[in-house]
């Protein structure tokens, strides 16, 4: 079975996160009928920063419910992002946002 375009984006995101954040915690919620609709594809925790990333293949965008979850997480202080395609610039922006949160002390581990 061929890997879907979105699966390739998810693999790209995972690889980037594991290469750039040592000892990062990761969870990928189950999709489909047993999953929770609208929850982002990737959930990470690193040094007290909660990060969620919704992966989309080129030309696709999040659903209204996915946007709702992303906005809710961001309001609660998490880093919430959408990565469309293998967008290295977006991943660098996410990395910089996470590192800035650690540096300025807005989120530190206990």
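Tabulated data for the structure shown
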read-out: Residue count, the stretch 1-35 (criterion: outside any loop (DSSP other than H, G, I, E, B) and touching a residue at least 12 places away in the same chain (Cβ under 8 Å)); value: 14
read-out: In the stretch 77-93, residue surrounded by the fewest Cβ atoms within 10 Å (Cβ to Cβ) [restricted to those that are assigned to a loop (DSSP other than H, G, I, E, B) and in contact with a strand residue (DSSP E or B) (Cβ under 8 Å, 6 or more places away or on another chain)]; value: 77
read-out: Looking only at the stretch 1-20, and only at residues there that are surrounded by 11 or more Cβ atoms within 10 Å (Cβ to Cβ) and over 13 Å from the mean Cα position of the chain (by Cα), the one that is farthest from residue 47 (Cα to Cα); value: 5
read-out: Subset of the stretch 21-46 (residues that are closer than 19 Å to residue 91 by Cβ and surrounded by 13 or more Cβ atoms within 10 Å (Cβ to Cβ)); value: 21, 24, 26, 28, 40, 41, 42, 43, 44, 45, 46
read-out: Conditions (1) at positive phi; (2) buried (at least 19 other Cβ atoms within 10 Å of the Cβ): number failed by residue 49; value: (1)
read-out: Residues of the stretch 36-70 classified as part of a helix (DSSP H, G or I) and touching a strand residue (DSSP E or B) at 6+ places or on another chain (Cβ under 7 Å), total; value: 2
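The numbers here are math on the coordinates, done by the rules we state, and not lab data. These figures come from a predicted structure and were not determined experimentally. Glycine gets a Cβ as well: all are built from the backbone with ideal geometry, and neighbour counts include every protein chain shown.
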